[in-house]
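Colleague: Take a look at this one; I'll ask things after.
The values are calculated or read from the model by the stated rules, or taken from the named source; none is laboratory data. Everything numeric in this text was worked out from a predicted model, so none of it was measured. Note: ideal-geometry Cβ built from the backbone for every residue, glycine included; neighbour counts use all protein chains shown. Surface areas here come from the heavy atoms of the whole protein model, side chains and all, with no ligands, DNA or RNA. Shrake-Rupley method; radii C 1.70, N 1.55, O 1.52, S 1.80 Å.
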Amino acid sequence: YVRQGEPLGLGHALGLAREHVGEYPFVVLLPDDLMHHSSPLLCDMIAAHQRTGRSVVALKRVPGKAIESYGVAVPADKDDAGPVIELAGMVEKPSLAEAPSDLAIMGRYLFTPEIFDLIDQVQPGAAGEIQLTDAMAGLAAKGGMSGLVFETGRFDIGTKPDFLKARVEFALDRDDLGPDFGKWLGELVRERGL
Ligand code: G1P
């Protein structure tokens, strides 16, 4: 493993993996974005890369002000119905007024090794960090980035509600825990009149 040592941003962290990745395409999974095991997202991203040769980022439509917590994609064609769309750019945590779309970057990425040269060129951006989003914007400007728009199966366990929902849903899915836990949960909900 590689230790980042200093919190200099996601782009900086990824740059440290360069020697380990070598010359192959690779995926990046942010562990606070949890995907349900039934989600085909990563397989679909790999298939999209195999079809197009481009890097691919997972995107989800996020309405209203919540968009300000995310990197936001600029679609090359606003009317592209997807689910795989070509991207023209990317902005890290814009204000709602400046957001170029409602397509938020979720923590699943597939990159070609080209991303490392772009990370090397990035200057500290939002929050003074080396932002992966800025390196991706460079790749998108060269026509090297696709987005895959998905809808379900994601828990943002950096928020308290999703942290709790993920634990309950994943426990219910397990053969060894689900039946008893589900029975208890049902009783609790009835008792509380929820
Ligand atoms: C990071 C990325 C952001 C992305 C988000 C997804 O932000 O910088 O582009 O939308 O993960 O969860 P963070 O949540 O680490 O602030």
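Colleague: Please go through region 1-43 and give me each residue that is among the acidic types (Asp, Glu) and either in contact with a Leu (Cβ under 9 Å, 6 or more places away or on another chain) or closer than 15 Å to Asp117 by Cα (or both), ordered by number. Don't jump to the end; show me each part of the working.
Modeller: Step one: filter region 1-43 for residues among the acidic types (Asp, Glu), giving 6, 19, 23, 32-33.
Those that are among the acidic types (Asp, Glu) and either in contact with a Leu (Cβ under 9 Å, 6 or more places away or on another chain) or closer than 15 Å to Asp117 by Cα (or both): Glu19, Glu23.
Colleague: What are the residues in region 147-175 that are among the small types (Gly, Ala, Ser) and within 16 Å of the ligand (Cβ to nearest atom), if any? Quick ask: steps written out before the conclusion?
Modeller: First, pick out the residues of region 147-175 that are among the small types (Gly, Ala, Ser): 147, 153, 158, 166, 171.
Correct list: Gly147, Gly153, Gly158, Ala166.
Colleague: Here is a further query. Being assigned to a helix (DSSP H, G or I) and either loosely packed, with under 15 Cβ neighbours inside 10 Å or on the phi < 0 side of the Ramachandran plot (or both) is the requirement here; does Ala104 meet it? Give the derivation first.
Modeller: Numbers: assigned to a helix (DSSP H, G or I): no; either loosely packed, with under 15 Cβ neighbours inside 10 Å or on the phi < 0 side of the Ramachandran plot (or both): yes.
The answer is no for Ala104.
Colleague: Among the residues in region 90-112, are any closer than 19 Å to Val21 by Cα, touching a helix residue (DSSP H, G or I) at 6+ places or on another chain (Cβ under 7 Å) and within 16 Å of the ligand (Cβ to nearest atom)?
Modeller: Yes.
Colleague: Among Gly138, Gly158, Gly182, which is part of a helix (DSSP H, G or I), small (Gly, Ala, Ser), open to solvent by 20 Å² or more (accessible area, probe 1.4 Å) and closer than 30 Å to Glu6 by Cβ?
Modeller: Values: Gly158 fails: part of a helix (DSSP H, G or I); Gly182 fails: closer than 30 Å to Glu6 by Cβ.
Going through Gly138, Gly158, Gly182 in turn, the sole match is Gly138.
Colleague: Another question, then. Could you list all residues from region 65-93 that are assigned to a helix (DSSP H, G or I) and open to solvent by 80 Å² or more (accessible area, probe 1.4 Å)? Give the steps one after another, and end with the answer.
Modeller: Of all residues in region 65-93, those assigned to a helix (DSSP H, G or I) come to 65-69.
Passing the criteria: only Lys65.
Colleague: Give me the residue from region 28-64 that is open to solvent by 70 Å² or more (accessible area, probe 1.4 Å), within 14 Å of the ligand (Cβ to nearest atom) and of a type outside the set (A, V, I, L, M) and, out of that set, farthest from the chain's Cα centre (by Cα).
Modeller: Arg61
Colleague: Here is a further query. Report, by residue number, each residue of region 141-155 that is of a type in the set (S, T, N, Q) and open to solvent by 30 Å² or more (accessible area, probe 1.4 Å).
Modeller: Within region 141-155, Thr152 is the sole residue that qualifies.
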